[in-house]
Amino acid sequence: MDLTEHCISSEIMAQGDMLTVKCDRVRLPDGNISQREYVMHPGAVVVVALLPDGSVVLERQFRYPLHQVFIELPAGKIDPDEDVLKTGQRELLEETGYTAQDWIKLGIQHPCIGYSNEVIHIYLAQNLTAGAHQRDDDEMLEVFDLKMEDCLAMIQRGEITDSKTIVALYMAWQYRQQNSR
């Protein structure tokens, strides 16, 4: 069965520095017409940075849309024409001050398939070297580290609720389980 919807027309409803909100009229597989509102996003990279003892580098950051401080992994949007690995390396350095010798791509995530085209690339960074962060002027966060097992327990208790962080931590945990034998 072909489930593809075909765009008939597209309108930009709002345009910001990073996001574009669109409304498309679409023809459904059964021939009916409907509309789809969605957010165009440049994509992002999230990094599971492991310290030599196996601890994970995390951040506490206030997120304005929810007016709440969240525990997250280092992450950021992909700049135009930027390689996704370079984005991960840049964001890790900017936010935490760490650089890493070893980078392993664990996969991708589509966090909001009902209303956004965002793709998040997930990397594991190992053999870290500490340095000075290079945060943007409007970027306020606290960097800390926890054992992987503590991170997973915090997910279970609802203390880590950010989806990119949850997915990336589980993917990193699984990767380490499969490759530590």
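Details
- Test for Q178: is it under 22 Å from V84 (Cβ atoms) and open to solvent by 80 Å² or more (accessible area, probe 1.4 Å): no
- Out of D150, D136, sole residue that is among the acidic types (D, E) and assigned to a helix (DSSP H, G or I): D150
- Selection status of I8, out of contact with any helix residue (DSSP H, G or I) (no Cβ under 9 Å at 6 or more places or on another chain), closer than 18 Å to I166 by Cβ and modelled with pLDDT of 95 or more: no
- Residue match in region 160-179 (condition: among the hydrophobic types (A, V, I, L, M, F, W, C) and in contact with a Lys or Arg (Cβ under 8 Å, 6 or more places away or on another chain)): no
- Listed by first and then second residue, the pairs with beta-carbon distance under 9 Å, at least 6 apart or on different chains, first residue in region 15-31 and over 19 Å from P42 (Cβ atoms) and open to solvent by 50 Å² or more (accessible area, probe 1.4 Å), second part of a loop (DSSP other than H, G, I, E, B) and at pLDDT below 95, are P29/M1; P29/D2.
- Residue that is surrounded by the most Cβ atoms within 10 Å (Cβ to Cβ), among those in region 1-14 that are outside any strand (DSSP E or B) and charged (D, E, K, R): E5
- Taken as a whole, the condition of being open to solvent by less than 80 Å² (accessible area, probe 1.4 Å) and in contact (Cβ under 8 Å) with a residue 12 or more places away in the chain applies to M148.
- Of the residues making up region 115-141, those that are modelled with pLDDT under 95 and out of contact with any helix residue (DSSP H, G or I) (no Cβ under 8 Å at 6 or more places or on another chain) are T129, A130, A132, D137, D138, M140.
- Candidates D30, D83, D17 - the one that is under 21 Å from the mean Cα position of the chain (by Cα) and at pLDDT 95 or above: D83
- The set of residues from region 77-129 being open to solvent by 50 Å² or more (accessible area, probe 1.4 Å), charged (D, E, K, R) and either outside any strand (DSSP E or B) or more than 15 Å from A44 (Cβ to Cβ) (or both) comprises D79, D81, D83, K86, R90, D102.
- Any hit, region 40-53, residues being open to solvent by 20 Å² or more (accessible area, probe 1.4 Å), of a type outside the set (A, V, I, L, M, F, W, C) and modelled with pLDDT of 95 or more: yes
- Here G97, G158, G76 are screened, and the one residue that is of a type in the set (G, A, S), over 30 Å from C23 (Cα atoms) and touching a strand residue (DSSP E or B) at 6+ places or on another chain (Cβ under 8 Å) is G97.
- The numbered conditions (1) surrounded by 12 or more Cβ atoms within 10 Å (Cβ to Cβ); (2) assigned to a loop (DSSP other than H, G, I, E, B) are all true for A168 except (2).
The values are calculated or read from the model by the stated rules, or taken from the named source; none is laboratory data. Keep in mind that this is a model prediction, so the values were computed, not measured. No Cβ is skipped: glycine too gets one built from the backbone with ideal geometry, and neighbour counts run over all protein chains shown. The accessibility values were calculated without ligands, DNA or RNA, using every heavy atom of the protein model including side chains. Shrake-Rupley method; radii C 1.70, N 1.55, O 1.52, S 1.80 Å.
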